[in-house]
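Enquirer: Supplied in C-alpha cells, the structure appears directly below.
The values are calculated or read from the model by the stated rules, or taken from the named source; none is laboratory data. Note that the structure is predicted; figures quoted are calculated from it, not measured. Here the Cβ positions follow ideal geometry from the backbone for every residue, glycine too, while neighbour counts run over all protein chains shown.
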Amino acid sequence: MRQFNPTLECAKALDAADPMAGFRDRFYVQEGIIYMDGNSLGLMSKDAEQEVYKILDLWKTRGIGIWSTPGEGGIPHIDYPDILARGLAPLIGCDADEITVTNSTTINIHQAVATFYHPTPERYKILMDDLNFPTDHYAVQSQLALHGYDPADALKLVRSPDGKLIDEDAVIEAMTDDVALVLLPAVLYRSAQLINMERLAAAARERGIVIGFDLCHSIGSVPHNLKAVDADFAIWCNYKYLNGGPGAIAGLYINRKHFERIPGLTGWHGNRADTKFELRLDFEHEKRASGWQTGTQPLLSMAPLNGALKIYGETSMATVREKSLNLTAYMMYLIDEKLTKYGFSVGNPRDDAVRGGHVALEHEDAIRINEAIKAAGIVPDFRFPNVIRLAPIAFYTSYEDVYEMIERIVKIMEDKEYEKYENKIGTVA
Ligand SMILES: Cc1ncc(COP(=O)(O)O)c(C=O)c1O
C-alpha cells in the first residue's frame, strides 16, 4: 500500500528512499526543466554519447576496417545488431537470436506483415483496434492493398467503447475464421492501457491466427515475457523509454518457431552470414531474426542505443517497473489532491496491472493549457483532442520533479496563464 501526502517533504522522502536515484546523473537532465516526454523521445545518456564517440573514432582510424573490428563480446561491428539484441533480450524475455535491430518501426511492421500475412479467399482479414498509432494502420492498409484487397473490407477494426480503452473480450470475439493476422499495441499511446498480451496471443493461437504486438510504449518501461506470450512477432521503436536517440533504429522480434520462414522483404544483410560476402544472386536466408535484416546497418544510429542500454544491465526490469508505477501513482495522487478542482481528470487506467508508463491528464482546454505548461519549463506531450501525456521516467525523473510539475500547473490554473494562448495545435508535442 503506497503512502503519499501532498507536501514537498513527502517527495523528498520518496527520493531519499529511491534505489534508482543514482541513475539520474547518467543523463543530461537540463537544470530547471522538468522533462515528462521520455515516452516520445528519451533523454540522452552519457553512455549513449560515449558509444557514439567510440564508433566515430573507429571510423576515423580504421575506415572500412570498422566492420570487422571486434566489439563487445568479440562480435564484429558488421554484426552490431547482435550486440544490441543481447542488451534487449532480457527486457522482453526472449532469446537474443529472436531479436534484430533494423529499419524504422513502420518498416518493421511492413516487414512483419509481409512475412506473416498469407491470405486465402476464406481467411484474408487483418484485425486491429481503432486506438493503435496511425502508422500501424497505414502500414497494414498498404500491405492489404499490395495483396489486392480493399482495406475497407479486409481491415477489421474493433472499436473502443469509450475512445480510450480496448475491450479485450471484443477483440477476442472479433477473431473469427476470416481473420489471418492480428496486430495490437502492448500499451496504448494515448490512454496508457496495458493489454493482456498472453491472453490475446493464446486466443489467436487457438484460432490459428498469427498475432503480433507493437511494443513502442511498453519496452523499457513494462517488463515483457515474450517466451510466455508466444506471439509470432513484435516490433518497437528504441527512442522512447530506451533512450536510443531521435529516430533511433527500431526493433523486430521473430518467434524462433518461424525461423524457417522467408522474410517478406529480403536484402543481402538477411542472407546467411557465412555466404553473404560471396555475393551470390540467390538469396539464402539466415535462420534467425537477423535474417530479417535488409541493407547495411547504420552504425551511427545504432551506437547510442548500445550505450543507452548499459543502465538496464545495472538494474532489473522489475525495479524499473516498480519505480515507474510508484511515480505514476504519486502523480495521480497529486492530480486528485491538487488539480481535479480545476477541471482535470485522469484518463489512464488506475490499476497497476493495466497501466503503462505514463499518465494521461485530460482537460477540455488541454491545447492551451499544454502551451502554458511548456512555457513554465515543463516538457509534456499533447495528444489530440484533450490529452496531456506526462511520462515520469524511472531512470531520470525524481519524485520532486513530479511534485514541482504539479505546483507549476496549479499556478498556471490559478493565474489563468493558459488564456494567453491560442486554441491551436503545433507540430510535434
Ligand atoms: C505505437 C507506435 N507505433 C509506431 C510509432 C512510430 O513509428 P516510427 O518509429 O516508424 O516513426 C509510434 C510513435 O510514436 C508509436 O507510438
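Enquirer: Go through ALA318, ALA289, ALA372, ALA366 for me and flag whichever is of a type in the set (Gly, Ala, Ser) and free of Cβ contacts under 8 Å to residues at least 24 places away in the same chain.
Expert: Values: ALA318 fails: free of Cβ contacts under 8 Å to residues at least 24 places away in the same chain; ALA289 fails: free of Cβ contacts under 8 Å to residues at least 24 places away in the same chain; ALA372 fails: free of Cβ contacts under 8 Å to residues at least 24 places away in the same chain.
Being of a type in the set (Gly, Ala, Ser) and free of Cβ contacts under 8 Å to residues at least 24 places away in the same chain holds for just one of ALA318, ALA289, ALA372, ALA366, which is ALA366.
Enquirer: Filter the range 190-208 down to residues that are buried (at least 21 other Cβ atoms within 10 Å of the Cβ) and out of contact with any Gly (no Cβ under 9 Å at 6 or more places or on another chain), then give me how many there are.
Expert: 5
Enquirer: Further question on the same structure: On the basis of being buried (at least 21 other Cβ atoms within 10 Å of the Cβ) and within 16 Å of the ligand (Cβ to nearest atom), does ASN243 make the cut? Give the derivation first.
Expert: On the way: buried (at least 21 other Cβ atoms within 10 Å of the Cβ): yes; within 16 Å of the ligand (Cβ to nearest atom): yes.
When the stated conditions are applied, ASN243 passes them.
Per-residue answers, yes or no, for (1) without any contact (Cβ under 8 Å) to a residue 12 or more places away in the chain; (2) farther than 30 Å from VAL387 by Cα:
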residue: MET36; (1), (2): no, no
residue: LEU41; (1), (2): no, no
residue: LYS60; (1), (2): yes, yes
residue: GLY63; (1), (2): yes, yes
residue: HIS77; (1), (2): no, yes
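Enquirer: Here is a list of conditions, (1) surrounded by 12 or more Cβ atoms within 10 Å (Cβ to Cβ); (2) more than 19 Å from the chain's Cα centre (by Cα), and LEU390 meets all of them except one; can you say which number that is?
Expert: LEU390 satisfies every listed condition except (2).
Enquirer: Among the residues of the range 157-173, count how many are under 13 Å from MET128 (Cα atoms) and buried (at least 17 other Cβ atoms within 10 Å of the Cβ). Break it down stepwise before answering.
Expert: Filtering the range 157-173 down to residues under 13 Å from MET128 (Cα atoms) leaves 157-160, 166-168, 170-173.
When the remaining residues are screened for being buried (at least 17 other Cβ atoms within 10 Å of the Cβ), the result is 158, 160, 166, 168, 171-172.
Result for the range 157-173: 6.
Enquirer: Within the range 113-142, which residues are closer than 27 Å to GLY267 by Cα and either touching a Pro at 6+ places or on another chain (Cβ under 9 Å) or not assigned by TED's automatic domain parsing to the domain that holds SER218 (or both)?
Expert: ALA114, THR115, ILE126, ASP136, HIS137, VAL140, GLN141, SER142
Enquirer: For residues that are more than 20 Å from GLY71 (Cβ to Cβ), part of a helix (DSSP H, G or I) and away from the ligand (no atom under 16 Å from the Cβ), tally how many sit in the range 92-132.
Expert: Within the range 92-132, residues that are more than 20 Å from GLY71 (Cβ to Cβ), part of a helix (DSSP H, G or I) and away from the ligand (no atom under 16 Å from the Cβ) number 3.
Enquirer: Confirm whether TYR53 is out of contact with any Pro (no Cβ under 6 Å at 6 or more places or on another chain), farther than 30 Å from GLU407 by Cβ and surrounded by 19 or more Cβ atoms within 10 Å (Cβ to Cβ).
Expert: On the way: out of contact with any Pro (no Cβ under 6 Å at 6 or more places or on another chain): yes; farther than 30 Å from GLU407 by Cβ: yes; surrounded by 19 or more Cβ atoms within 10 Å (Cβ to Cβ): no.
Considered against the rule, which asks whether it is out of contact with any Pro (no Cβ under 6 Å at 6 or more places or on another chain), farther than 30 Å from GLU407 by Cβ and surrounded by 19 or more Cβ atoms within 10 Å (Cβ to Cβ), TYR53 comes out as no.
Enquirer: Sticking with this one: With the structure loaded, tell me whether LEU300 is of a type in the set (A, V, I, L, M) and outside any helix (DSSP H, G or I) or whether it fails that test. Step through it out loud before you land on a result.
Expert: Numbers: of a type in the set (A, V, I, L, M): yes; outside any helix (DSSP H, G or I): no.
No; evaluated as a whole, the condition is false for this residue.
Enquirer: Applying the selection to the range 222-237, what residues are assigned to a loop (DSSP other than H, G, I, E, B) and either within 15 Å of the ligand (Cβ to nearest atom) or among the acidic types (Asp, Glu) (or both)?
Expert: If we filter the range 222-237 for residues that are assigned to a loop (DSSP other than H, G, I, E, B), which is where we start, we get 222-225, 230-232, 237.
Once the filter is applied, which keeps residues that are assigned to a loop (DSSP other than H, G, I, E, B) and either within 15 Å of the ligand (Cβ to nearest atom) or among the acidic types (Asp, Glu) (or both), the range 222-237 yields VAL222, HIS224, ASP230, ASP232, CYS237.
Enquirer: Additional query: Can you tell me which condition HIS137 does not meet? The list is (1) within 16 Å of the ligand (Cβ to nearest atom); (2) in contact (Cβ under 8 Å) with a residue 60 or more places away in the chain, and all the others hold.
Expert: So HIS137 meets the others, but not (2).
Enquirer: So which residues in the range 1-34 are within 14 Å of GLU404 (Cα to Cα) and assigned to a strand (DSSP E or B)?
Expert: ILE34
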